[in-house]
Each structure stands twice: as C-alpha cells, then as structure tokens.
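Here's the structure, in structure tokens; my notes come after.
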Amino acid sequence: MRAPDNRLRDPEERLREVVEAASEGKQDRSVGRPGKALNRRSPFFIGMSAAAGVAVAFGIVELIVKARSVLVLIGLALFIAAGLDPLVTWLCKRGLPRWAAVLTVVGALLALGAGFIAAAVPPLAAQTTALVHGLPHYMRELKSHNSHLGRLNAKYHIQQHLSSLLSSRGTTLIGGVIGAGAMVISVFASLILVAVLTVYFLISMEKTKLFAYRLIPQSRRDRVVVLGEEIFTKVGGYVLGNIITSLIAGLGTFVWSLALGIPYPVLLGVAVAILDLVPVIGSTIGGAIVTIVALTVSLPVAIGTLVFYIAYRLAEDYLLVPKIIGRTVEVPAIVSLIAVVIGGVLLGIIGALVAIPAAAAISLLLHEVTFPKQDNS
C-alpha cells in the first residue's frame, strides 16, 4: 500500500507535524526537496542585491557616526588593555592563572593610584586654598608699578581686559562654568566605563585575539598572528614607556619648583605629569604653564624655568624616549609629530595618545606586507 502523498494533505496539518517533530528532535533533516535556485542573473535579483548592499553600508556608517564617542572609549580601553597585557602575560609565565595575574596588575594600579591620591590631595588642597587666598595679593601686584606683574599690567592692560571680559561676558562665563561641571561628570563616567572595559579586555584578551585570528583564512593565519603579536608588543611597550616618562616629567617639575621656590610644586608636578602623557606637545604645554607661574617669583626664575624645560624637552626626545620607548616603537620623530597632529585633529586627546603606536603598526604593515609586494611586482 502506498503512503499518502504529502502534497494532497492539509498544508497546515503537515506544517504542524513538522514543527512538532523538530521541537522534539525527531525531524529528519533530509526531508523535503530544495526548491528551484534563484536566478542570480535576474535584473530583480541584481537590483535587490545592490540596494541591500547600499542599505547595509549606509546603516554601518550611520551606526559608526552615532556611536562614535562610545566606540572611541572602547578603543581606548582596548589600547590600555593591550598596554597592560605584557605584564599579565609575564605573571602568567611565572605560574599565576590569568585571572590572578589580572587581579594582581589591577590591584597594583589601584594601590598606586590610591597612594598617589593620598600623597597628592592634601598638598593639592592646601596649595589650591593658598592660591585662592593669594588672589588679592596678586591683584595688588597688578596695580603696583614696582612688581613684575604690575609692569606687565601697565604694558598690556591685563586688569582692564579682565574687567571688560567679566562685565561683557559674565553670563557666558557662568554658563561655561556650569558646562564645565557637566563635562567633569561626563569625564568621570567615561573613566569608569574605560576602567571596567579595560579589566574585561584584560581577562578575555587571549580569547579575543584567538577569535580575531579565527576570522583570517587558514592560509594567511600564521602570518597575521606574527604581525598581530608584534603590534601588541609595540603598543604595550609604548604605554608602559609613556607612563614612565610622564612620571619623570612630573617628578622633575616638582623638584625644580621646590628648589626655586615656585609656588604650588605638587599641583604643577601633577599637571605636567598628566600633560606629558600626550606625546610631543604635552611636556611643552606643561613647561609653558610652569614658566608663566614662575613669573610670579621673578623674571630670572621664569627664564631659568624656560631654559630648564627646553633642556628637558631635548633630553626627553633624544635620551629618555629612545631608551625607554624608541627600541620598541621605532617611529621617526617627524612621523611621530605628524601622527600626533592628525590623531589630535580626528579624535582629540585620545587620538593624540594612540597616534604613535598606530603609526608604528602602520609602519610595520608597510615594511612587512606592502613594500615586499611592491619590490617583487
């Protein structure tokens, strides 16, 4: 007796049986016959494919534009995690499991940050209070023709410009202060997000890299792994080296200010250390700030401070950076300057921070991939 033809049965009943069998895992996967293949040369199919491609491309671009700020924070967290990963890997090679190595590195950073805050906040608070209380004194010096500030005021009319600014744009300044407060809250929230993402990236760094490498075809995978690990090594060396040079800049500022009696040495040291994290231009801006503050002491002290920062800038460029960072990153000075300027224009301070390792990665790819192809073509 022949089995009933499924085509003659109620389609809804047949569909219900198939769904029930599939939900119970009893469905034969080979059941049914594939339908007729679509004609890929059909004008309708070609038009729909092109329209779908344009829609997907537009959607991706729109997503990137709208999520730009979040994507930048994610990229910064990945950058920091890549910089700390060599420490985690080093601890893993000494026998620690990865989670313990990550906790050790994060705990050390938190302890260092807590110690820095504990050491810096009291003098920072005291010096900030002294600055506020010293403002009347500075105002008297502005009016005195016997002081350096008074002579500068008489020549450039600083007090009149400040009074005009406060009277004409007072509302704008108040709005700016409120906006600055909102910006501080936003920056604090961004820092928390970056810190959390950095920890997660550190914990899952090996799995993340393996997942990314699995996206590469097997025939090219070994080469990509070698280049990828070299890039991660350069990023890690740059991050750690940049932190070391920034600490040296901040400590040098503190010692110099303390030795010459420049006010607020701790505040200036912290400011220069933070600014020096921005390569090429950070220490220059910090030196200009300290030189301006040194004018409140005397003109010779300000000139000496300017000479000190010029000498430090040369020492950092030709002694510290080549010894601490140069052998790892291997980026010429002119390329570093151009990369920092372009990164700053595109992504602001974050772009300037990641510009040099990005330039190092591009240089590595050019030397290992592009140039050999060009030489053999």
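Tell me which residues, restricted to the stretch 233-255, are out of contact with any Gly (no Cβ under 9 Å at 6 or more places or on another chain) and either crowded, with 20+ Cβ neighbours inside 10 Å or hydrophobic (A, V, I, L, M, F, W, C) (or both). Before the answer, list the steps.
Step one: list which residues in the stretch 233-255 are out of contact with any Gly (no Cβ under 9 Å at 6 or more places or on another chain), which gives 233-234, 244-245, 247-248.
Across the stretch 233-255, the qualifying residues are Lys234, Ile244, Thr245, Leu247, Ile248.
With respect to Ile334, is the statement that it is within 23 Å of the chain's Cα centre (by Cα), closer than 22 Å to Leu112 by Cβ and outside the structural domain of Pro86 (by TED's automatic domain parsing) true?
On the way: within 23 Å of the chain's Cα centre (by Cα): yes; closer than 22 Å to Leu112 by Cβ: no; outside the structural domain of Pro86 (by TED's automatic domain parsing): yes.
For Ile334, the condition - within 23 Å of the chain's Cα centre (by Cα), closer than 22 Å to Leu112 by Cβ and outside the structural domain of Pro86 (by TED's automatic domain parsing) - is not met.
If you go through the stretch 341-361 and keep only what is among the β-branched types (Val, Ile, Thr) and at pLDDT 75 or above, you end up with Val341, Ile342, Val345, Val354, Ile356.
Among the residues of the stretch 293-313, is any in the same structural domain as Val341 (by TED's automatic domain parsing), within 19 Å of Ile243 (Cβ to Cβ) and not hydroxyl-bearing (Ser, Thr, Tyr)?
Initially, the stretch 293-313 is screened for residues in the same structural domain as Val341 (by TED's automatic domain parsing), giving 293-313.
Still in the list and also within 19 Å of Ile243 (Cβ to Cβ): 312-313.
With not hydroxyl-bearing (Ser, Thr, Tyr) added as a condition, the list becomes 313.
Yes: one or more hits.
Just a yes or no: is a residue in the stretch 223-230 under 23 Å from the mean Cα position of the chain (by Cα), in contact (Cβ under 8 Å) with a residue 12 or more places away in the chain and over 26 Å from Thr104 (Cβ atoms)? Yes, some residue in the stretch 223-230 is under 23 Å from the mean Cα position of the chain (by Cα), in contact (Cβ under 8 Å) with a residue 12 or more places away in the chain and over 26 Å from Thr104 (Cβ atoms). Before we move on, is Ile203 surrounded by 14 or more Cβ atoms within 10 Å (Cβ to Cβ), of a type in the set (A, V, I, L, M) and at pLDDT 85 or above? So Ile203 passes the test.
The values are calculated or read from the model by the stated rules, or taken from the named source; none is laboratory data. Remember, predicted model here, so these are calculated numbers, not experimental data. Positions of Cβ are backbone-derived with ideal geometry, glycine not excepted, and every protein chain shown enters the neighbour counts.
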